[in-house]
Every structure is written in structure tokens, then in C-alpha cells.
Amino acid sequence: MTRIQPQIEKAIADIRSTFTECIVETEPDGGGGAYVTVRDLALGPPYAQQKIWVGFQITFQYPYADVYPHFTCAELARTDGRSLGDGIGNANWRGRNATQLSRRSNKLNPATDTAALKLLKVMQWLRTHP
């Protein structure tokens with residue numbers, strides 16, 4: 001099995017230091033990258049879940065490839081009963097039902113668009129998504 005490449009290890013360390021209140025789990029993807037799951041991310045209203053997990057893959061091409069898509073619990077639901085809206089849909093994450101959060105970076109800058117920053121942006125988008 002191929003080990004996780006140094007740039008991905010650095011990205012994982014950055015995620016751990018950015019999300020200090022969360023549990024960060026990783027697993028090599030067999031190609032030099034890693035599967036990452038960040039647990040206990042605060043969410044809350046308008047969602048029924050106070051905390052969620054978010055999973056994603058950082059591929060061996062990082063930082064020149066976008067960290068996309070992100071996945072979370074299949075039970076994600078709004079408290080007002082409205083649909084989850086555009087960019088959110090049913091999916092499968094590593095063999096289990098999940099909700100996909102589709103937020104592609106159209107103008108990726110490898111020098112500044114880190115995996116941690118992308119997760120921060122995805123969470124901000126989710127919290128403010130109409």
C-alpha cells in the first residue's frame with residue numbers, strides 16, 4: 001500500500017490545527033492520498049443536527065487538485081422541513097449512505113486554497129445555505 005504523501009500529511013496536520021475541537025480520522029487511499037473524516041463539527045439551526053461529521057478525499061495531486069466533494073450524515077435535515085436545496089444530495093461515502101455537499105473550487109490557487117480552508121468554506125456555506 002502506498003503511504004500518504006508528505007503534502008497530504010501536511011494538509012491533515014493543518015486540518016487538525018484548524019479544527020482543534022474535532023476528531024480527525026484518516027486512512028491512506030492506496031494512491032498516496034488519504035480519506036479524511038472530521039467529526040463533531042458544530043452545525044445547529046437551521047439543521048436538526050447540532051454536530052455532524054464531514055468526510056472527503058485528499059488525492060495525491062493535492063494541492064493542485066480540488067478537495068471535492070465533501071460528504072456528511074445521510075440524516076441531514078432542516079428543522080423547518082424545507083428541502084436541503086441545490087448542491088446537496090443523496091450519495092454514498094465509503095460504502096455507507098451519506099449526503100453530498102457539492103462545492104467545487106472553480107479558481108483553485110494551490111498556494112492558498114488548502115484542504116482546511118476548503119472545509120471552513122463548505123461549513124460556512126452549509127450554515128448559510130437557504
Please work out how much length the chain gains when fully extended from ARG78 to SER102, using 0.36 nm per residue of separation minus the C-alpha to C-alpha distance, in nm with one decimal. 6.9 nm
For region 70-130, what does the accessible surface come to per residue with a 1.4 Å probe? Please give it in Å². 58 Å²
Within region 1-81, which trypsin sites (Lys or Arg not before Pro) sit in a loop by DSSP and count at most 13 neighbouring Cβ atoms inside 10 Å? ARG3
A chain fully extended from GLU27 to TRP125 at 0.36 nm per residue, minus the present Cα-Cα distance, gains in nm 32.7 nm
Student exercise, the chain dipole from Lys, Arg, Asp, Glu Cβ charges, in Debye to nearest 20: 200 debye
So how long is each side of the chain along the principal axes, counting just the alpha-carbon atoms, biggest first, in Å? 44, 30, 26
By how many degrees, between 0 and 90 and to the nearest 10, does the Cα long axis of helix 115-128 differ from the longest principal axis of the chain? 10 degrees
So between ARG3 and ALA48, what do we pick up on full extension, going 0.36 nm a residue minus the alpha carbon distance? 12.4 nm
Could you tell me what percent of the accessible area of the chain is made up of carbon and sulfur, with a 1.4 Å probe and every protein chain present? 49 percent
Using Cα positions and a limit of under 13 Å, work out the aspartates and glutamates in reach of LYS118, with same-chain residues fewer than 8 apart set aside. ASP14, ASP66
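The values are calculated or read from the model by the stated rules, or taken from the named source; none is laboratory data. As the structure is a prediction and not an experimental result, all values here were calculated from the model. Note that we place each Cβ from the backbone using ideal geometry, even for glycine, and neighbour counts take in every protein chain shown. Accessible surface areas use protein heavy atoms only, side chains included; no ligands, DNA or RNA. Shrake-Rupley method; radii C 1.70, N 1.55, O 1.52, S 1.80 Å.
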